[in-house]
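The values are calculated or read from the model by the stated rules, or taken from the named source; none is laboratory data. A quick note: this is a predicted structure, and the numbers were derived from the prediction, not measured. Backbone-built Cβ (ideal geometry, glycine too); neighbour counts: all protein chains shown.
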Amino acid sequence: MVATTAARPSVRPEWIMVAIFSVFTVSNAPAPLYVLWQREMGFSQTTVSLIFISYIVGAIVSLLLGGRVADRVGHRSVLLPALVLAVVACALFALARTPLWLESGRFLIGVASGAFGAAGGAAIADLCGPEGQTRAALYASVAPVAGSAVGPLLAGALADSVSAPTSLVFVLLAVPLVVVAVPVSRTSGRPDLPPGGRLMEWPKLPAGTGSVVVMAMAVAGSPFALAGLFISLGPAMISDLLGNDTRLLAGAVSFMVFGAGAGSQILARRMSTYRVARVGLVISLLAAVLIAVAVGVESVPVIVAAALAAGLGQSLAQLAGLQLARACAPAGRGAEVTALVWLAGYGTVGVGILGMGVLADEFGLLAASYVFCTFFFLCVLAALVLVVRRRRTVDRLTSSMSLTSHNR
């Protein structure tokens, strides 16, 4: 018999949303600074990709274990250590002297982001209660996207206006992490699952609904890679291919990606899950085309349009994937199933960015950009076909899950 958590919330769910926002702000703040570190330390585009991949590896490790651990021992036992790791990551970025420091910092903030992506969303759901699950889904989706938008914009603005931007920005971002530790420490330490079984276990597809979770992973995965381009090799594309070397523009483009995503989820509140998925995937197809056109014609306005499309598409697709997965998640396995959706996104963007970095060093950034856009255009198209073919399944599972209705 599964124990339920949470009859009386110990802290407002908005505090957990703020914590998620703060962690994801740090996670993407390095985006416009890669070019500065690259010049200072003298590393290649492949190394930039590897630094970014360190974040992906950390996030995947955390997602593979964090969701299950949170369900077994309680959300607080995962979220508090994750905040500590995020503060340590800030220190590594601020003091970085070699790429290894950056890789270590990215790995740690990846672990922290993965923990908050899985356990943070589940904690919000518990604190909102059964009647507030639509609000929980909105909080859990908007907070990481909004944080991802603010981080690179702040870092880019500081990089063009202060003498030590790579240090100052991470000192500033560490402060809210320390502040939110207090309310996070008041979240429930009670488990969602009864005692027994292995504490650390790979997340598994739920029996009977595994194909639906796979569909949710496909919907959320490929658009994630298109958005992730702007926080990894995107600044190099803007500098090398478009001839604009201001850090503020690189940070602003990253802000547009995730800012558009945060706004789109609010605008989509009355849309059905099927419609959110379909619209998100169609916009992601447009983003892939615009990225290719932008680097071909060397146009800043087109890259801005591509960034907006990538952010809108990724955010809507992620929202639909999370809704679909949660609609079929068995009791007590919410964090585990949520982790699978995040895992699909991180895994896809990790493979894509690493491949693009290797191709860029071998054949040039322009050719690598075309290959990247073509590959993920096809991946997004396949996900769209899958959703359209299974519309009845999506509608049946999520008929009461428009963002303004009951969500469970």
- Test for residue 25: is it within 18 Å of residue 251 (Cβ to Cβ), modelled with pLDDT of 85 or more and of a type in the set (Ser, Thr, Tyr): yes
- Of (1) modelled with pLDDT under 85; (2) in a loop (DSSP other than H, G, I, E, B), residue 148 satisfies every one except (2)
- Across the range 155-176, which residue is modelled with the highest pLDDT among those that are among the aliphatic types (A, V, I, L, M) and farther than 23 Å from residue 97 by Cβ? 175
- Message: Based on this model, can you work out whether residue 388 counts as surrounded by 21 or more Cβ atoms within 10 Å (Cβ to Cβ), under 21 Å from residue 325 (Cβ atoms), touching a residue at least 60 places away in the same chain (Cβ under 8 Å) and not basic (Lys, Arg)?
- Response: no
- Message: Regarding the range 154-162, can at least one residue be identified that is over 21 Å from residue 263 (Cα atoms) and polar (S, T, N, Q)?
- Response: yes
- Task: Would you please name the residue that is modelled with the lowest pLDDT, looking only at residues in the range 255-296 that are of a type in the set (Ser, Thr, Tyr) and under 9 Å from residue 312 (Cα atoms)?
- Result: 264
- Message: I want to confirm something. Restricting to the range 297-311 and keeping residues that are of a type in the set (Gly, Ala, Ser) and in contact (Cβ under 8 Å) with a residue 24 or more places away in the chain, which single residue is nearest to residue 142 (Cα to Cα)?
- Response: 311
- What is the one condition in (1) farther than 21 Å from residue 378 by Cβ; (2) in a helix (DSSP H, G or I) that residue 295 does not satisfy? (1)
- Note on the structure: Of the candidates 350, 321, the one satisfying the condition of being at pLDDT 85 or above and either more than 23 Å from residue 118 (Cα to Cα) or crowded, with 23+ Cβ neighbours inside 10 Å (or both) is 321
